Amino acid sequence: MKNLLIPLAACILLSCAAKEPALKTAFDGKFILGAAVNTVQITGADVKGDSVLLRHFGAVEPENCMKSAEIMPVFGQYNWDMADKYVDFGTRNGLLVYGHCLIWHSQLTPDFCYDKEGNLISPEELKARMKQHITTVVSRYKGRIKGWDVVNEAILDNGEWRPSPFYQILGEEFIPWAFQCAHEADPDCELYYNDYSMHIPAKLETAIKLAKTLQERGIRIDALGFQGHIGMDYPNLDLYERHIRRVKDETGLDVCITELDMSILPTVTMSADIAEMSRVERQAFFNPYENGVPEDVNAAWNARMGDVLDMFLRNADAVRRINVWGVSDDDSWKNGWPIPGRKDYPLWFDRSFNMKPFLSKYINGTK
Ligand code: XIL
């Protein structure tokens, strides 16, 4: 009897899990739902994470493995291992596979923009290197990647261009060049400009200007990526919504929410009060939920994330895709950023892989 009970319990558990409605179907016809994956999901080491991912999400984005420093530790020398596994994982499982990211100042191959003496290379040399890198990567996965974040985070919050090595060498021309190279390598691929804090008016202004410049020059761009790293106290959702509308109305482009997470922790600022705290006090202030989140705080997080999602749904004609930046809370980079060693709860599934309560109203009635 005992021998029979264990398989029986497993069957009941499995059939319950199989009956849980799939989140992605709740948003069918509205937007594509994706999640960022890292090595543990790609290699199958995170069995539970993979089962949640495959049940609930229809698309994947690589959290790290396609960034230039990862894929090409030294300029021209590629290590395809994890990127190949990522694309195979997505394709094998019938997911839409996205690429992130071709040109970014961070996690950048150290010698991408420098010569052997450590000086910035010439504009001609940088254009040649960008073309070489973009062509190599985009061609390798041609036809298998649905869309690429071509340029990431080129605009500062005040709307000025970030003085990255790319900008220092080529000025803002590095952006159209990157898009042109990506398009030539895979003409069918969707191409995006991606950035954070797109609720800041000056930043959005420059992003819209950039999109229009590309359009006027006949260079392909399909959407603006709003990263969507948000908090409990920012952005103002009316403003965020207006900015999604502005992109659609002023450029005709869609918005992709590419890296959605909402930190439950206090936003890191350095007000006078905080500056006066001791190190221990400051640690406790910024990392208050090491042993769990109080019910009222959880309720507030769920209410706000529900408001965020409702706003995206209201604007589903303009929001092409929502991509959550990780599967479960344990995966999130927010546990280590901007302060290492905090415990955050920013994603749609908790550390036990349970769906967060705000999602239940969307899946009611779906299969
Ligand atoms: C983050 C990853 O989540 C971390 O694992 C990594 O250590 C640093 O980068 N903007 C982006 C993403 O475009 O690529 C970043 O991802 C988060 C901010």
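Please list 3J(HN,Hα) in residue order for the range 260-268, calculated via the Karplus relation 6.51 cos²θ - 1.76 cosθ + 1.60 where θ = phi - 60°; whole Hz, with x for glycine and proline.
Coupling constants for the range 260-268: 6, 7, 10, 4, 8, 8, x, 5, 7 Hz.
Out of the DSSP beta bridges found with both residues in the chain, what percent are antiparallel (nearest 5)?
10 percent
Computed FRET efficiency, Cβ-Cβ of residue 142 and residue 276, R0 45 Å: what is it to the nearest 0.05?
It comes to 0.20.
Nearest 0.05, what FRET efficiency do residue 242 and residue 84 give at R0 = 56 Å with Cβ-Cβ as r?
The computed FRET efficiency comes out at 0.85.
In whole Hz, what ³J(HN,Hα) sequence does the range 132-144 give by Karplus (6.51, -1.76, 1.60; θ = phi - 60°), x for Gly and Pro?
4, 5, 4, 5, 4, 6, 5, 5, 4, 10, 3, x, 10
So if a site counts as exposed when it's one of the GluC sites (Glu not before Pro), its DSSP state isn't H, G, I, E or B, and it has at most 13 other Cβ atoms within 10 Å, what's the longest stretch of the chain without one?
Longest stretch, sites excluded: 1-116.
Taking the Cα centre of the range 45-115 as origin and charging only Cβ (+1 Lys, Arg; -1 Asp, Glu), how large is the dipole, in debye to the nearest 20?
Magnitude of the dipole: close to 320 debye.
Which whole-Hz couplings ³J(HN,Hα) result when phi for each residue of the range 116-129 is put into the Karplus expression 6.51 cos²θ - 1.76 cosθ + 1.60, θ = phi - 60°, listed in order with x for Gly and Pro?
5, 7, x, 8, 4, 6, 6, x, 5, 5, 5, 4, 5, 5
Under 5 Å between amide hydrogens, which residues at least 5 positions from residue 264 or on another chain qualify, with H placed 1.01 Å from N in the peptide plane?
Here the answer is 345, since their amide H atoms fall under 5 Å of that of residue 264.
What residues qualify as long-range amide H neighbours of residue 225, i.e. H under 5 Å apart, gap of 5 or more or another chain, H built at 1.01 Å from N?
Long-range HN contacts for residue 225: 193, 194, 195, 256.
Taking the Cα-to-Cβ direction at residue 135 and at residue 268 and moving 7 Å from each Cα, how far apart do the two end points lie in nm?
4.1 nm
Evaluate the charge dipole of the range 2-363 about its Cα centre and quote only its size in Debye, nearest 20, assuming +1 on the Cβ of each Lys and Arg and -1 on the Cβ of each Asp and Glu.
Computed about the Cα centre, the dipole is about 940 debye.
Using a cut-off of 10 Å between beta-carbons, work out the net charge of the residues near residue 87 (Lys and Arg +1, Asp and Glu -1, residue 87 not included).
Once positives and negatives cancel, what remains is +2.
Accessible area per residue of the chain at 1.4 Å probe, in Å²?
With all protein chains present, the chain gives 45 Å² per residue.
Label residue 303 and residue 39 with points 7 Å out from Cα along Cα→Cβ: what is the distance between them in nm?
Spacing of the two 7 Å Cα→Cβ label points: 4.2 nm.
Net charge around residue 226, counting only other residues with Cβ within less than 10 Å of its Cβ (Lys, Arg = +1; Asp, Glu = -1)?
It works out to a net charge of -2.
The values are calculated or read from the model by the stated rules, or taken from the named source; none is laboratory data. Everything quoted here is computed from the prediction, not taken from an experiment. All Cβ positions, glycine included, derive from the backbone under ideal geometry; neighbour counts span all protein chains shown. Remember, those area values only see protein heavy atoms, side chains included, never the ligands or the DNA or RNA. Shrake-Rupley method; radii C 1.70, N 1.55, O 1.52, S 1.80 Å.
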